[in-house]
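Here the structure is laid out as structure tokens; the discussion comes afterwards.
The values are calculated or read from the model by the stated rules, or taken from the named source; none is laboratory data. Please read all numbers here as calculations on a predicted model, not as lab measurements. Positions of Cβ are generated from backbone atoms using ideal geometry, with glycine treated the same way; all protein chains shown enter the neighbour counts. Please note that ligands, DNA and RNA were not included when accessible areas were found on the heavy atoms of the full protein model with its side chains. Shrake-Rupley method; radii C 1.70, N 1.55, O 1.52, S 1.80 Å.
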Amino acid sequence: MFEAETLTLAQSVLDACRARGWHVATAESCTGGLVAGALTAIAGSSDVVERGFVTYSNEAKSELLGVPPETIAAHGAPVDLAISVAGVAGPGGGSATKPVGLVIFGLARRDGLCRTERRIFDGDRSAVRQAALQVALGLLAAEARS
């Protein structure tokens, strides 16, 4: 189902997280669960992958991922490393401020480190989603090894 390069990246994420005793969560929009799918395509991933959300509509993003900051401050997050992926895969839905191919990645660690990355990918819907998957896995792998 996934290319060898994708599975190699997914395995490196799992190995690095496993070595640190970390758990991972994903929140995906334009990739539709591909990041979680690639991670869970690896046998034994259940000791690292905590959960994944596909929140495609704005309503779902609010309902499923809108955890109040007070709750997290009081109880902590269930994972050590999380990634979110949202964007416009196309072919429609783009605008002047959000062009087709725009993908925003959010990365957060339990220790408070958070960052975002904005990329614009060329190609059709499939190419944008595949590129976003590769970047997401690469960000997770780099962060888990740092």
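List of remarks:
- Calculated mean residue ellipticity at 222 nm for the chain: -13000 deg cm²/dmol, from DSSP H runs with n ≥ 4 weighted as -39500 (n - 2.57), summed, divided by the residue count and rounded to 500.
- Mean sequence separation of contacting Cα pairs (under 8 Å, at least six apart), scaled by the length of the chain, corresponds to a relative contact order of 27 percent.
- Within the accessible area of the chain, the carbon and sulfur atoms contribute 56%, probe 1.4 Å, all protein chains present.
- The peptide list 132-143, 32-43, put in order of mean Cβ contacts within 10 Å with the highest first, becomes 132-143, 32-43.
- Most simply put, the chain has about 60% antiparallel DSSP beta bridges, counting only bridges with both residues inside it.
- Taking every Cα-Cα distance in the chain and sorting them into 10 Å bins starting at zero, the pair-distance distribution P(r) comes out as 12, 42, 35, 11, 0 percent.
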